[in-house]
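Before any comments, here is the structure.
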Amino acid sequence: MKHNYLAIIACMAVSLTGCGHASQKGTAPEAAYLDPSKDIETRVEDALSRMTRDEKLAVIHAQSKFSSAGVPRLGIPEVWTDDGPHGVRPEVFWDQWNQAGWTNDSCTAFPALTCLAATWDTELSALYGKSVGEEARYRKKDILLGPGVNIYRTPVCGRNFEYMGEDPFLSSQTVVPYVQGVQSNGVAVCVKHYALNNQELNRNNTDVNVSDRALYEIYLPAFKAAVMKGGAWAVMGSYNLYKGFFNCHNPYLVNEILKGEFGFDGVLVSDWGGTHDTVQAAENGLDMEFGTWTNGLTNGVSNAYDNYYMARPYRELLISGKQTEENLDNKVRRVLRLIFRTSMSPDRPFGKFTSPEHYAAARKIGSEGIVLLKNDGALLPMKDGGKILVVGENAVKPMTVGGGSSSLKVQHEISPLQGIQERFKGAKVEYQRGYVGDPTSNYNGVKLAVDLSEDRSAEQLIADAVAAAADADYVIFIGGLNKSNHQDAEGADRLALGLPYDQDAVIEALAAANPHLIVVNISGSSVAMPWIDKVPAVVQDWYLGSEAGRSLADVLSGDVNPSGKLPFTFPVALEDGPIRTVEQYPGIPYQQTLSGITRTIYKEDYSEGIYVGYRWFEKQGIKPLFPFGYGLSYTTFELGDASVRGSLSSGRYGAGSYPEGRKHLTVKVPVKNTGSVDGAEVVQLYICAKESSVDRPVKELKGYKKVFLRSGESAVVSFEIDPSAVAYFDEGAHEWVAEPGTYQAMVGVSSADIRSIVDFNVR
Ligand code: BGC
């Protein structure tokens, strides 16, 4: 099969180039770029040497909304990209965002990446990557636009749900297997949005001012890991600016750090419409331009794509000698490398789409990521039978549609209400709306057939829910955020931490009406819970995709014992967090002329430095509502005393490297399931520097392991740490430093629940 495909390409190419179908006749060698037995670099150089300048220019910018041209004369295919990151976006029209109405592109929706991070399970990350990569491969995509790894700096960022939480270690561990899983299908990831894209408000015109220490310790690690450990084949530049340059052609972030220090050999893809300048794009490392003038039809007479910064204007600079062919070749090399890694790879599997395995993966990741926040009186797990009242719009509203570019068209989406009805067959399950949020469920032409229209007043909705709650054995309120504007959605941030649509009033009323209230919050960010003391059970659910309702029912019923842990801190109030001034968010506006256009730019100071998330709360001594790493189980775990063996030596290592080959220290801790049901615990290792020449956080996550134990069973969990676990980034020397001194290994089950501490020295 593979060989047939290659032979067809070879024939096409050879007949066009006139080399003759020679190798079989023994007259002339076959073109090296077509020979799958040759290594990729040989194929790249050979293909490059055969391309004209115009052919080279054609492959570095879009030809449609999501594709770029190949080289038909040489049989080199087009590159097809698609969003990402939770499933494969439906096909769109050539020049538009709207779905094209195909009938065979309804995908499996996997849980949002916040949920994946909340599993604290790298094996599930690998399963996720492999599965979504198979869907992308089946749909003939060469680049999947994801995953997103921007750090959760503020709960109001509209795209937190697409990212992996607030901690650089957790997001680094989570992203690597995802990358490898996707790419095992011969589909490239496109890790986004590089970098410092930590909000949606003014995303196109915020210029971030951040210390090198925070940049390297907090904001870059997940990108570095995706590239250096995961081997990512593509990265997407972000819309915002850093040091006065747009990030899609930022000399510091792209040339110096990504391609220099991290040794990235893949393709830097622009975010859609993130390119602003031909000279900078040419010189500052942009390899592929997409989405300029976001509607590809404007700004051009016949084909707007010819007017892209990296098309005709670039050609003119090359012809006049103002830009070098060498720079162009460098970009083309990267694009060819991606093509040989993907569509022209001889080892590419065929993928699969909406398979039973994919639904099983989505369901498992969902149920493993759900976090049990509160469970007074062991209200959960629920027993079947009696009357269950489900209240809330999020119990029935499809969540795979909306939210921006991650919006999907799915083959099915099991709502929470359906999941509960399916699982609790012995019970009478009733539903009450409770409140009206956003009754629409459509995005870019994808509309789900759920009628959410409602005529009752807000008071009546509450009264009806309360009346139905009175005789219920359980009341489950399912609310939270949704994918509408100013919620968990691209292009705008949230306006407050509180729940929208006056849901607090509904929860308060239900709590007064029935003591058996379970609140299920569906969101990708933290929310305020002013009613927390009045509600016995609270579950943090996420956007769980196709199998959402089943994953939730798995946990509510106890079929799955919850083991998810928060990947970010839940503050009591927004003001408790590190962002406290307008300089920090949304920044101070000023006028600046960039690439010939005068624009309003917001200068934003990340003056909180490395104190993001739990690092901030712990330094300030502010108690959050729920801490990072927190999550309950239906069983209990006991941790014994931690011990250390081995040693770590002090030293320095480069900004763009890992301290490979250095000495390791092993931290061990016994853990026992002391409860009556089987379950998994995430044992977490934090490191504290007791003495340091610089300011250090109280502790930082440097290891974790999810361990499944039967009731009564014990195990010893061990962590191998190298000097990166104690290192900080020395801005002056531009190096990582593992200082000599005394450190503490803190082992616990959340950032705020440390069960054992043991000292060790770095000599
Ligand atoms: C988003 C990207 C997305 C791209 C293509 C942009 O607006 O920021 O994340 O991949 O559109 O849909």
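The values are calculated or read from the model by the stated rules, or taken from the named source; none is laboratory data. Small disclaimer: the values here were computed from a predicted structure and weren't measured. Here the Cβ is made from the backbone with ideal geometry for all residues, glycine too, and neighbour counts use every protein chain on show. These accessible areas exclude ligands, DNA and RNA; they are computed on the full protein's heavy atoms, side chains included. Shrake-Rupley method; radii C 1.70, N 1.55, O 1.52, S 1.80 Å.
Structure summary
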{"item": "Among 226-239, 48-61, the order from most to least packed when residues are scored by Cβ within 10 Å on average", "result": "226-239, 48-61"}
{"item": "Residue-averaged 222 nm ellipticity for the chain, from DSSP H runs of 4+ at -39500 (n - 2.57), nearest 500", "result": "-7000 deg cm²/dmol"}
{"item": "Table column - 3J(HN,Hα) (Hz), the stretch 573-580, Karplus curve with 6.51, -1.76, 1.60, x for Gly and Pro", "result": "9, 4, 5, 6, x, x, 8, 10"}
{"item": "Computed accessible area, SER37, all protein chains, 1.4 angstrom probe, square angstrom", "result": "100 Å²"}
{"item": "Modelled label reach - ALA573, point 7 Å along Cα→Cβ, the stretch 617-638 residues with backbone N closer than 15 Å", "result": "622-625"}
{"item": "Proximal lysines relative to LYS322, as straight alpha-carbon distance under 19 Å, when same-chain residues fewer than 8 apart are discounted", "result": "LYS56, LYS331"}
{"item": "Listed residue (ALA470, GLY231, LEU268) projecting farthest to the positive dipole end of the chain, Cβ model", "result": "GLY231"}
{"item": "The stretch 250-362 shape via C-alpha gyration tensor axes, a/c threshold 1.5", "result": "prolate"}
{"item": "Cα-based Kirkwood hydrodynamic radius, the stretch 634-681, one decimal, Å", "result": "13.9 Å"}
{"item": "Isotropic mean projected area of the C-alpha convex hull, the stretch 50-107 (nm²)", "result": "4.9 nm²"}
{"item": "Residue order for GLU217, GLU413, GLU357 - accessible surface, 1.4 angstrom probe, largest first", "result": "GLU357, GLU413, GLU217"}
{"item": "Under 18 Å from the Cα of LYS352 - aspartates and glutamates, other chains or at least 8 residues apart", "result": "ASP82, ASP83, GLU91, ASP105, GLU134, GLU135, ASP142, GLU547"}
{"item": "The stretch 31-341: antiparallel DSSP beta bridges as a percent of all, rounded to 5", "result": "30 percent"}
{"item": "Under 5 Å, built H, 5+ apart or other chain: amide partners of SER711", "result": "ASP678, GLY679"}
{"item": "Farthest positive-ward along the chain dipole, Cα basis, beta-carbon charges - from LEU34, GLY596, LEU145", "result": "LEU34"}
{"item": "Using alpha-carbon coordinates, inclination of helix 325-341 to the longest axis of the chain, degrees", "result": "60 degrees"}
{"item": "Sequence-distant residues sharing a close amide H with TYR704 (under 5 Å, placed H)", "result": "LEU685"}
{"item": "Three-way shape call for the stretch 595-705 based on the alpha-carbon gyration tensor, with the a/c threshold at 1.5", "result": "oblate"}
{"item": "Carbon/sulfur fraction of accessible area - the stretch 674-763, other protein chains in place, 1.4 Å, %", "result": "46 percent"}
{"item": "In Å², nearest 10: area of ASP212 left accessible to a 1.4 Å probe", "result": "40 Å²"}
{"item": "For the stretch 582-598 versus the stretch 323-371, the gap between their alpha-carbon centres in whole angstrom", "result": "36 Å"}
{"item": "With DNA, RNA and ligands ignored, accessible area of THR324 (1.4 Å probe; Å², nearest 10)", "result": "70 Å²"}
{"item": "Karplus (6.51, -1.76, 1.60) ³J(HN,Hα), θ = phi - 60°, over the stretch 488-493, in Hz, Gly and Pro reported as x", "result": "8, 8, 5, x, 7, 9"}
{"item": "Rh by Kirkwood over Cα pairs, then Stokes-Einstein D for the stretch 635-762 at 1.002 mPa s and 20 °C, µm²/s", "result": "139 µm²/s"}
{"item": "The stretch 377-486 pair-distance distribution - Cα-Cα, 10 Å bins, rounded %", "result": "14, 40, 32, 13, 1"}
{"item": "Hydrodynamic radius of the stretch 156-313 per Kirkwood, over alpha carbon pairs, in Å", "result": "16.1 Å"}
{"item": "Convex hull per residue volume in Å³, alpha carbons only, for the stretch 370-566", "result": "114 Å³"}
{"item": "Per-bin percent of Cα-Cα distances, the stretch 31-341 [10 Å]", "result": "6, 28, 37, 23, 5, 0"}
{"item": "Rounded to 5, the percent of DSSP beta bridges in the chain classed as antiparallel", "result": "60 percent"}
{"item": "For the chain, fraction of C-alpha pairs farther apart than 35 Å, in %", "result": "47 percent"}
{"item": "Relative contact order computed over the stretch 370-566 (Cα-Cα under 8 Å; 6+ residues apart), in percent", "result": "34 percent"}
{"item": "Amide H within-cut-off set for GLY70, under 5 Å, with H built and near neighbours excluded", "result": "GLU78, VAL79"}
{"item": "Sequence-distant lysines (8 or more away, or on other chains) whose Cα lies within less than 28 Å of LYS534", "result": "LYS374, LYS383, LYS387, LYS397, LYS428, LYS483, LYS565, LYS623"}
{"item": "Low-density loop cleavage sites - trypsin sites (Lys or Arg not before Pro) in the stretch 137-172, where at most 16 other Cβ are within 10 Å (DSSP)", "result": "LYS140"}
{"item": "Student exercise, the stretch 31-341 dipole from Lys, Arg, Asp, Glu Cβ charges, in Debye to nearest 20", "result": "200 debye"}
{"item": "Rough spin-label spacing in nm, given labels placed 7 Å along Cα→Cβ, for ASP759 and ARG662", "result": "2.2 nm"}
